[in-house]
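Worksheet: the structure to be examined is printed underneath.
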Amino acid sequence: MLQCHMHFDIFTLFPGIFESPLRESMLKRAIDSGLLEVQLHNIRDYAEGRHQVTDDYPYGGGGGMVMKPEPVFSAVETVLGFEMSSAMRNEAEAAVRQPNSEIPIILLTPQGRPFNQQLAFELAGYDRVALICGRYEGFDERIREHLATDEISIGDYVLTGGELAALVILDAVIRLRPGVLGDPTGAVDDSHAGGLLEYPHYTRPPEFRGWQVPEVLLSGNHAKVERWRREQALRRTWLRRPELLERAELTDSERAFLQQLSQKE
Ligand code: 6GU
């Protein structure tokens, strides 16, 4: 299998946040084995003037600060190697963007498209992705309208900045790339990959403080184990995340099992 490397450009005011997460575990191994390249770009380096200001007061008043457009445009255009002049902005905008149109430029904000496993698979299909991390109250809207190609949120809560979201996305995406997990079936079995929550796992000892491992797992009967696991996954999903069942791919007998559950409980 061709093990092509994936390149992330991360635009941030706090590149230091990424240092230790990239130096541990799966992300470190992916970098060391050449399957992942992460380039951190400090937006402040692209800000003009002695104070290299990256934020300013919002027009119209109100609290908080807004990320200025110039440093963000300059950083992304310099790194990805394209430029949008104001004259070109209208009809020619798409054409100017063409050379790099295969690189998603993703704004990380709580207003974005909800991140999930399906979106992780989608991003894992690109060889290069740019992530822009916001701070303060938000981005000047022109960044969203004329620079970003997509906007992603990792959930319905507010973070101080997009950096932790970028790390979440990086982790979820890179582990889907061929060769990143040692086990070739690795990510296939995960919770959410099949649209269901995962079944319960047990390891030795068979009894711990009086709590037994389910008998079926010790039986050595693989067909029974598989059936039990699938039923547990269905049951757990039905109890905790029933909305996931609407999009899951289920067989007729699995639907019958769910029907039975809803009658019993
Ligand atoms: Cl991507 N950014 C921020 N600042 N907060 C978030 C988020 C992103 N996703 C959820 N909350």
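Numerical summary
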{"quantity": "All positions within segment 201-219 that are surrounded by fewer than 11 Cβ atoms within 10 Å (Cβ to Cβ) and over 37 Å from the mean Cα position of the chain (by Cα)", "calculated": "E207, R209, G210, E215"}
{"quantity": "Wholly enclosed helices (runs of 4 or more DSSP H) of segment 107-179 bearing at least 3 residues touching a Leu at 6+ places or on another chain (Cβ under 7 Å) and surrounded by fewer than 18 Cβ atoms within 10 Å (Cβ to Cβ)", "calculated": "none"}
{"quantity": "Tally, over segment 2-35, of residues that are part of a loop (DSSP other than H, G, I, E, B) and either closer than 20 Å to I106 by Cβ or touching a residue at least 40 places away in the same chain (Cβ under 8 Å) (or both)", "calculated": "8"}
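None of the figures in this text is laboratory data; all of them are computed from the coordinates on show. The structure presented is a predicted model; accordingly, all values stated were derived computationally and were not measured. Counting neighbours? That spans all protein chains shown, and the Cβs are built from the backbone with ideal geometry, glycine included.
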